[in-house]
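The values are calculated or read from the model by the stated rules, or taken from the named source; none is laboratory data. Predicted model only: the values in this text are computed from it and were never measured. Note: ideal-geometry Cβ built from the backbone for every residue, glycine included; neighbour counts use all protein chains shown.
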Amino acid sequence: MKTPPQTAFVFDLDGTLVDSVYQHVLAWQEALESEGIVLSVWRIHRRIGMSGSLMMNILLRESGVAIDDARAERMRQRHAEAYTRRAATIRPLPGARELVAYLSEAGIPWAIATSGRMETAGPVIESLGVDLAGVPVVTRDQVRYAKPDPDLFLAAAERLGARIENVTVVGDAVWDMLAARRAHALGIGLLSGGYARDELERAGAYRVFDDPADLLWHIDEVGGRC
């Protein structure tokens, strides 16, 4: 009998494996205000998880402020600096270390794909105890477009040597679920980034869990078996 293809998992980072969404929100608020752009925190939160450049375009459109490339790059750098100052407060989400350890020990392939750049994502990934030499990590620096485009997840599947149809994407934002749908992958939503269950389901999540610990408790239900 032919063995069915094994499921591979691709994880978003912020709000999915590490509790860093609100540090990003405050860092973007600081970066925007450094250029005299004042926006409510909730508006920024709703865009976290998508490409930084796309997020800036949307936020600036909402604020009615025009921006050139030089100003956008200044804000990107100020966000990175402000986020780095807050990085010491970031912790793995409950069950995150245990979840990735389980997958590794079970021989189930997995990768990380984040809209963040390596300058901000790298130190946070290290807090998970992940061996970067053994686990594919795809960041914004390595693809043409980030979420909600599918490029990050397609690149992660390629590096895992997996067909995208056999990949399960785990993310906390509607942007993760939209990108997973566009890539033709299954999507699992986590509530740990601040989006509601119905929002994640409408964006394409076929299952929604509280956090990595809850997902690990139900891992056999979503193809995570040895």
> What number of residues within the stretch 19-39 are within 21 Å of ASP69 (Cα to Cα), acidic (Asp, Glu) and touching a residue at least 24 places away in the same chain (Cβ under 8 Å)?
Replying inline: 2
>> under 19 Å from ILE188 (Cα atoms), assigned by TED's automatic domain parsing to the domain that holds ASP14 and outside any strand (DSSP E or B): which single residue out of PRO123, PRO148 fits that description?
In response: PRO148
> Restricting to the stretch 21-73, what's the tally of residues that are assigned to a helix (DSSP H, G or I) and more than 23 Å from LEU190 (Cα to Cα)?
Replying inline: 19
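Condition check ((1) of a type in the set (D, E, K, R); (2) at positive phi; (3) free of Cβ contacts under 8 Å to residues at least 40 places away in the same chain) across all residues:
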| site | (1), (2), (3) |
| --- | --- |
| VAL41 | no, no, yes |
| ILE48 | no, no, no |
| SER51 | no, no, no |
| LEU60 | no, no, yes |
| ASP68 | yes, no, yes |
| ALA82 | no, no, no |
| ALA88 | no, no, yes |
| ARG91 | yes, no, no |
> Out of (1) part of a helix (DSSP H, G or I); (2) in the same structural domain as HIS218 (by TED's automatic domain parsing), the odd one out for LEU132 is which?
Replying inline: (1)
>> Given the criteria assigned to a helix (DSSP H, G or I), of a type outside the set (S, T, N, Q), out of contact with any Pro (no Cβ under 8 Å at 6 or more places or on another chain) and in contact (Cβ under 8 Å) with a residue 24 or more places away in the chain, does ALA179 qualify?
In response: no
> Hey, among the residues in the stretch 182-201 that are part of a helix (DSSP H, G or I) and aliphatic (A, V, I, L, M), which one's surrounded by the fewest Cβ atoms within 10 Å (Cβ to Cβ)?
Replying inline: LEU191
> Do we find that VAL10 is part of a loop (DSSP other than H, G, I, E, B) and either over 30 Å from VAL222 (Cβ atoms) or within 16 Å of the chain's Cα centre (by Cα) (or both) in this structure?
Replying inline: no
